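Structure first, commentary second.
Coordinate-derived values only; no laboratory data. Since the structure is predicted, the reported quantities are computational estimates derived from the model, not experimental observations. Virtual Cβ from ideal backbone geometry, glycine too; neighbours counted across all protein chains shown.
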Amino acid sequence: MPEVLIISDSHGSTEELAAIKKRHSPEFMIHCGDSELEMDAPELDGFIKVAGNCDADARLPEEQTSTIGGLHFFIAHGHLHQVKTNPMAIAYRAQELEAQVVCFGHTHMAGAEKVGQQLLINPGSILLPRRRTEKTYVLMTWDTLEDIRVDFYTMEGSWLDELSLRTSLT
């Protein structure tokens, strides 16, 4: 079963990143930008990572794609896709790249939804959440494309049932 840790908007939180990685030891990790760390920072080791609007390291790419466990992921921070207004621009960009899962941040608002045949995931922020008090991140798992779990957790490791999503991409 593939397991993907998805984090965004950590804004220099190195101890928190290390604690989450240690807690879950996931096979795959995605950081959706605004880490405010250098591309080769040890805390980002093993992450598929992109640049956010607060990232200064020009080596960080603006977007990335990756295929994990049969699912095609599109990763971007979202500031270049106006995600604070509407997630459709980032969804269209992902569709151009034939991505099924869209991972982004920028808004600091945790949420996941299926739109058409795409799964949009914003893990929120592990430092400065908006519209919620909990600092959040995501652990995504699936056995088959009919049984995908997007589980939200607090920075302390508590599962957030009300945000979590069970869905299918078939």
Task: Alpha carbon centroid spacing (whole Å) that separates the stretch 67-101 from the stretch 1-58 - done: 18
- [ ] Set the Förster distance to 30 Å, then compute FRET efficiency between K22 and E98 from the Cβ-Cβ distance, nearest 0.05.
- [x] 0.30
TODO: Starting with the fewest neighbours, write out I126, I48 ranked by other beta-carbon atoms found within 10 Å of each beta-carbon.
DONE: I48, I126
TODO: Compute the relative contact order of the chain as a whole-number percentage, counting only Cα pairs closer than 8 Å that sit 6 or more residues apart in sequence.
DONE: 21
TODO: Kindly state, to the nearest 0.05, the FRET efficiency for D161 paired with R130, given R0 = 30 Å and r defined as their beta-carbon distance.
DONE: 0.90
- [ ] List nothing, just return the count: lysine pairs in the chain, 8 or more apart or interchain, with Cα separation under 21 Å.
- [x] 8
TODO: Mind checking the full-extension length gain between D143 and M88? Use 0.36 nm per residue of separation minus the Cα-Cα distance, one decimal, nm.
DONE: 17.0 nm
Task: Sparsely packed GluC sites (Glu not before Pro) within the stretch 101-154, loop by DSSP, other Cβ within 10 Å at most 12 - done: E146
TODO: Run a plain Debye calculation on the stretch 1-150 (Cα atoms as equal point scatterers, no solvent) and give log10 I(q)/I(0) at q = 0.17, 0.18 Å⁻¹, rounded to two decimals, same order as the q list.
DONE: -0.90, -1.02
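For n ≥ 4 DSSP H runs only, could you compute -39500 (n - 2.57) per run for the chain, divide by its residues and tell me the 222 nm figure to the nearest 500?
Value at 222 nm, helices only: -3500 deg cm²/dmol.
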- [ ] Note the direction-averaged projected area, equal to a quarter of the hull surface, for the Cα convex hull of the stretch 46-91, in nm².
- [x] 3.9
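About its Cα centre, what dipole magnitude does the chain give when the only charges are +1 on Lys and Arg Cβ and -1 on Asp and Glu Cβ, stated in debye to the nearest 20?
420
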- [ ] Give the long-range amide H neighbours of G111: residues separated by 5 or more places, or on another chain, with amide H under 5 Å away, using H modelled in the peptide plane at 1.01 Å from N.
- [x] N122, G124
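May I ask what percent, to the nearest 5, of DSSP beta bridges between residues of the chain are antiparallel?
On the way: 27 of 40 bridges.
The antiparallel proportion sits near 70 percent.
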Open item on the list: What percent of all Cα-Cα pairs in the stretch 88-170 falls into each 5 Å bin, going from 0 up to the bin containing the maximum distance?
Closed with: 3, 15, 26, 22, 19, 11, 4, 0
TODO: Take peptides 78-86, 17-25 and line them up by average Cβ neighbours within 10 Å, highest first, as a rough protection proxy.
DONE: 78-86, 17-25
TODO: Distance from a point 7 Å along Cα→Cβ of E113 to each backbone N in the stretch 142-160: keep the residues under 20 Å and list them by number.
DONE: 148-153, 160
